[in-house]
1. With a cut-off of at least 3 residues that are in the same structural domain as Q168 (by TED's automatic domain parsing) and surrounded by 21 or more Cβ atoms within 10 Å (Cβ to Cβ), name the strands (runs of 3 or more DSSP E) lying wholly within the stretch 194-302.
2. Under 6 Å between Cβ atoms, which residue pairs at least 6 apart in sequence (or on different chains) link something in the stretch 329-357 that is of a type in the set (D, E) with a partner that is assigned to a helix (DSSP H, G or I) and at pLDDT 90 or above?
3. Evaluate the stretch 117-138: report whether one residue or more is surrounded by 19 or more Cβ atoms within 10 Å (Cβ to Cβ), closer than 26 Å to G86 by Cβ and not hydrophobic (A, V, I, L, M, F, W, C).
4. Looking only at the stretch 95-154, how many residues end up being among the small types (G, A, S) and either in contact with a helix residue (DSSP H, G or I) (Cβ under 6 Å, 6 or more places away or on another chain) or farther than 19 Å from R214 by Cα (or both)?
5. Tell me the residue from V56, V109, V102 that is in the same structural domain as T206 (by TED's automatic domain parsing) and buried (at least 24 other Cβ atoms within 10 Å of the Cβ), please.
6. May I ask you to list the residues in the stretch 425-435 that are surrounded by fewer than 17 Cβ atoms within 10 Å (Cβ to Cβ) and not in a loop (DSSP other than H, G, I, E, B)?
7. Hey, among the residues in the stretch 335-393 that are aliphatic (A, V, I, L, M) and surrounded by fewer than 20 Cβ atoms within 10 Å (Cβ to Cβ), which one's nearest to the chain's Cα centre (by Cα)?
8. Is the stretch 412-424 home to any residue that is buried (at least 24 other Cβ atoms within 10 Å of the Cβ), in the same structural domain as L348 (by TED's automatic domain parsing), at positive phi and assigned to a loop (DSSP other than H, G, I, E, B)?
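The values are calculated or read from the model by the stated rules, or taken from the named source; none is laboratory data. The structure presented is a predicted model; accordingly, all values stated were derived computationally and were not measured. Neighbour counts run over all protein chains shown; Cβ positions are idealised from the backbone, glycine included.
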Amino acid sequence: MGVEAVRAELVRTLPDDAIVTHPAQLRTYECDGLTGHPVVPALAVLPATAEQVAAVVRSCHRHGVPFVARGAGTGLSGGAQPHADGVLIVLARMRRILDIDVANQRVVVEPGVTNAEITRAVAAHHLYYAPDPSSQIVCTIGGNVAENAGGVHCLKYGFTTNHVLGLQLVTPTGAIVEVGGPVADTPGYDLRGVLVGSEGTLGIVTRITVRVCRTPQTAKTLVAYFDSPAHAGEAVAAITGEGIIPAGVEMMDNLAIRASEADAQVGLDIDAGAALLVEADGPAAEVDAEFDRVLALCRDAGATHIRVAADATERAQLWKARKAAFAAMGRLSPDYFVQDGVIPRTKLGEVLGRVAALSEETGFRVANVFHAGDGNLHPLVLYDASKGESEAAGKVAVRIVNMCVEAGGSITGEHGVGTDKACSMPKMFSEEDLAVMQRLRHALDPAGLCNPGKVFPTPRLCGERPGPYRPHPLEAAGLAERL
């Protein structure tokens, strides 16, 4: 009844084509990049302005209806998973670049603008937007803000939170407020910092002011090949241990190399145990000196051979291969779980060794491709859902996350918690920690309607089993029917 009341109100507020009710069309939005727990929303709407978003939220608040914001649906933690009895607010139509301030290196955008579009908009001014997730050609800045996305160059340039200056927010009660501003620091509490990475649980961002950076004078890229990820990890520790902060340091193991090369065909060595992709950028003299030292440290760590990109075209090809790694896994396996944990750089060899042992123990292949420079692992557990392997593979993925915490790290670096890792939150935080976070959430959303069921563990979430639908025992016995 609540959703029907909301729909009846929105018919007077939104265009006809902005309200989706047909079951087949609603299934378009049943999941984000985490596909194991599909949920069809009761209603989906596509507002085109902040005022329309606010109208939807006010209606939901008035009738006690849950709502979830969605961008491009490229998230990997179930953060945009709909609510079966709620409204999905799709921000895909809010795609305007509102202002470009070249002198002050600021750009104001709506949440549906893709990450890569910001760079394209300012490239002629020798500027670019530094955070660069692998999905940057399709992922939207609103989703980047929700998850505090990083990317392959986050080691040197930081995450989304380091580049967002101000936000326009529709609160969970439907008010439109401004947080932060056009300058690097504003007086008062840092609510901007609270909102970036809050996974859509504290409101819906409808406008973002970001800072853009000057394009570096020059850049150099190399691929160093090693017999094993452990040896490549030693090179990473040596590079950062000398105080060198490259623009990016990425690692791929043999499985990831094979998949990426089959997809991108850029000449990667498919027999290598591991590949380390390192890029230095900045003033030419600084880059030359830094790059020479990186080459020496890679050789000292046991690099079997090193390929240096000859020009910008070859550099782009190498990064294309790295950014295609997740999608390329489809060449190796029909299904996979993508995990996202963080460990201290000094523990890379140890944890990768434990992951390899777990793979051998369970029989599930695990491909590793990750941001080695800041210890942000992305192990991919390969499995076949058609053979009933979903649940067992999911348990392997959870064990890897727990390893990261045991090593002094985190359950997520950039993908977020969402529904995927909500049950792992107590592994990292005490009851008191979680209670403080919940108090903040309830202060802004006392009714609990804004993206409910995400981030925090609940009995419902933690009792769920991953993978495709399984009949309830009563259904199997013919005593109940699935609707």
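1. Output list reads 204-211.
2. D335/A385
3. Scanning the stretch 117-138 turns up at least one residue that is surrounded by 19 or more Cβ atoms within 10 Å (Cβ to Cβ), closer than 26 Å to G86 by Cβ and not hydrophobic (A, V, I, L, M, F, W, C).
4. The number of residues fulfilling the criteria is 8.
5. That would be V109, the only listed residue that is in the same structural domain as T206 (by TED's automatic domain parsing) and buried (at least 24 other Cβ atoms within 10 Å of the Cβ).
6. P426, K427, E431, E432, D433, L434, A435
7. Filtering the stretch 335-393 for residues aliphatic (A, V, I, L, M) gives 338, 342-343, 348, 351-352, 355-358, 366-367, 369, 372, 377, 380-382, 385, 392-393.
Those still in the list that are surrounded by fewer than 20 Cβ atoms within 10 Å (Cβ to Cβ) too: 338, 356-358, 385, 392.
Values: V338: 11, A356: 24, A357: 27, L358: 25, A385: 23, A392: 24 Å.
If we take residues in the stretch 335-393 being aliphatic (A, V, I, L, M) and surrounded by fewer than 20 Cβ atoms within 10 Å (Cβ to Cβ), then V338 is nearest to the chain's Cα centre (by Cα).
8. yes
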